[in-house]
């Protein structure tokens with residue numbers, strides 16, 4: 001049986017190794033985004049402070065790029081609509 005600390009560490013390693021977003025991590029482990037976020041921002045800090053710093057850097061980059069990804073996604077959506085019409 002996996003403990004919650006084991007899950008936290010697996011999620012954190014996944015994010016750090018793959019530069020993954022919280023959404024991608026949640027999808028990979030079959031848990032909710034809120035669960036992953038709480039795990040890697042609160043529980044991880046107590047479990048492994050060094051890994052927490054690595055994950056924090058990845059999450060900060062993802063946060064700073066979020067608006068760009070959203071804009072690209074919207075652009076693709078409208079381009080797809082144009083080609084269908």
Scanning region 1-48 residue by residue, those in contact (Cβ under 8 Å) with a residue 40 or more places away in the chain, surrounded by fewer than 16 Cβ atoms within 10 Å (Cβ to Cβ) and not in a helix (DSSP H, G or I) turn out to be 19
Yes or no: residue 27 within 23 Å of residue 5 (Cβ to Cβ), at pLDDT 95 or above and more than 11 Å from the chain's Cα centre (by Cα)?
no
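The values are calculated or read from the model by the stated rules, or taken from the named source; none is laboratory data. The shown structure was predicted, so the numbers you read here are calculated from the model rather than taken from an experiment. Neighbour counts run over all protein chains shown; Cβ positions are idealised from the backbone, glycine included.
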